[in-house]
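Visitor: This is the structure, below, for whatever I ask next.
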Amino acid sequence: MKILGANLGAKEVKYKPLSERRFFKGNRQNVVQKLEQLYLGLLEESKKTDIQPFPQKDDKVEILAGMVNHRCSSSLDSLKTLSQYGILASEWFGQIESEREAVFCSFVDRIHSEEEHDYKAEALNKQRLKSRNTHFIVLFLDSTNPIMEKLLHLDFFEYERIKKLTPEQISGIYTSDEIEIFEQIIEPFSPGGKNFHIQNMLPYCDWSAIPGGIPSTLVNGICTKMKVYSKKEIEEIAKLFPNATIFNGELEIIYTPKKEKSTQDLGRETLQEQRDIALLDEIETEQTRQGKIVTNEKENQEEL
């Protein structure tokens, strides 16, 4: 298969579990396996959670500051790979992260707050959504989902900020396994990203580096920017990312997913059905009782 990365470029690659690739000798390779198990566990958990629909307003999607997103190749083959495996670190495909900002991590950005930052935020947001470069589109992720919250908790850039400014807090925020992953296989080989969250400089302060990867089930929006897909291609993309609202760079909605009933909705319906059945039983019992009263009254009148 072929993948296309902003810095990596186009590469012909093959997916393999991290544990089947020999990155290190000794204990560090065992830590790689821990990272693999961490991601695969969260991948399975993500399939059981509900995804929030992408917000809409006035018949368009609504883009809000802080929305987490990932830029990816616009090719259908790349989207099929992302759908099947997730938004994975390049190491799953045998490619070491090229900029050494956060090895073994996948990267996400955020819609920048135009109130907190200067005109640069507006320019970056416009470039993100309306760039005429049709080689890339943008996947939005449900940051309110509990699995996405766990993944954002593991942001390597934030780990580095906490470690530098308040190192005494590290053991209270992260588990020993999480610290081992950061210290053994990410930090020693990622000098480029250590200060991204310390300096309040766009876009780096809004980037996050997620160890392992991000399950594709968490994608709830796809901005095609200026890329024009055929109706058939949109239908295929919608099948690959069933939770995603698809829209263009003008925020015009191209496709809205059919809302499937959530676990909570199904639970509420079951409870309501049980209440309705109980109510019907009560009505039937009362009708039977009233019928017996009428019958008894008729029998008494006949005897008289």
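Visitor: Percent of accessible area on the chain owned by carbon and sulfur, 1.4 Å probe?
Guide: 49
Visitor: Another one. Report the relative contact order of the chain, percent, no decimals, based on alpha-carbon pairs under 8 angstrom and at least 6 residues apart.
Guide: Computed value for the chain: 23 percent relative contact order.
Visitor: Related question: Show me the ranking of peptides 203-216, 75-88 by mean Cβ neighbours inside 10 Å, starting with the highest.
Guide: 203-216, 75-88
Visitor: Ok, one more. Would you kindly compute the Cα radius of gyration of the chain and its largest Cα-Cα separation (Dmax), both in Å?
Guide: Cα radius of gyration and Dmax of the chain are 26.5, 104 Å respectively.
Visitor: Which order do you get for F182, F107, F196 if you rank them by accessible area with a 1.4 Å probe, largest at the top?
Guide: F107, F196, F182
Visitor: Just the accessible area per residue of the chain, please: how many Å² with a 1.4 Å probe?
Guide: About 57 Å² of surface per residue is accessible.
Visitor: I would also like to ask the following. For region 98-246, go through all pairs of different Cα atoms, get the mean of 1/r, take its inverse, and jot down that Kirkwood value in Å.
Guide: About 17.0 Å, per the Kirkwood formula over Cα pairs.
Visitor: Limiting things to C-alpha atoms, what are the Rg and the maximum Cα-Cα separation (Dmax) for region 65-136, in angstroms?
Guide: 14.4, 41
Visitor: What pairs from K34/K150; K48/K80; K16/K164; K11/K164; K120/K194; K120/K225 go past 25 Å between their alpha carbons?
Guide: Flagged as over cut-off: K16/K164; K11/K164.
Visitor: Show me, for region 74-81, the HN-Hα J-couplings you get by feeding each phi into the Karplus relation (A = 6.51, B = -1.76, C = 1.60, θ = phi - 60°), rounded to Hz, glycine and proline as x.
Guide: 8, 6, 5, 4, 5, 5, 5, 5
Visitor: How much of D177 can a 1.4 Å solvent probe reach, expressed as accessible area in Å² and rounded to 10?
Guide: Its accessible surface works out to 80 Å², give or take rounding.
The values are calculated or read from the model by the stated rules, or taken from the named source; none is laboratory data. These numbers come from a predicted model, not from an experiment. Reconstructed Cβ throughout: ideal geometry from the backbone, glycine too, with neighbour counts over all protein chains shown. We work out accessible area using only protein heavy atoms, side chains counted, and drop any ligands, DNA or RNA first. Shrake-Rupley method; radii C 1.70, N 1.55, O 1.52, S 1.80 Å.
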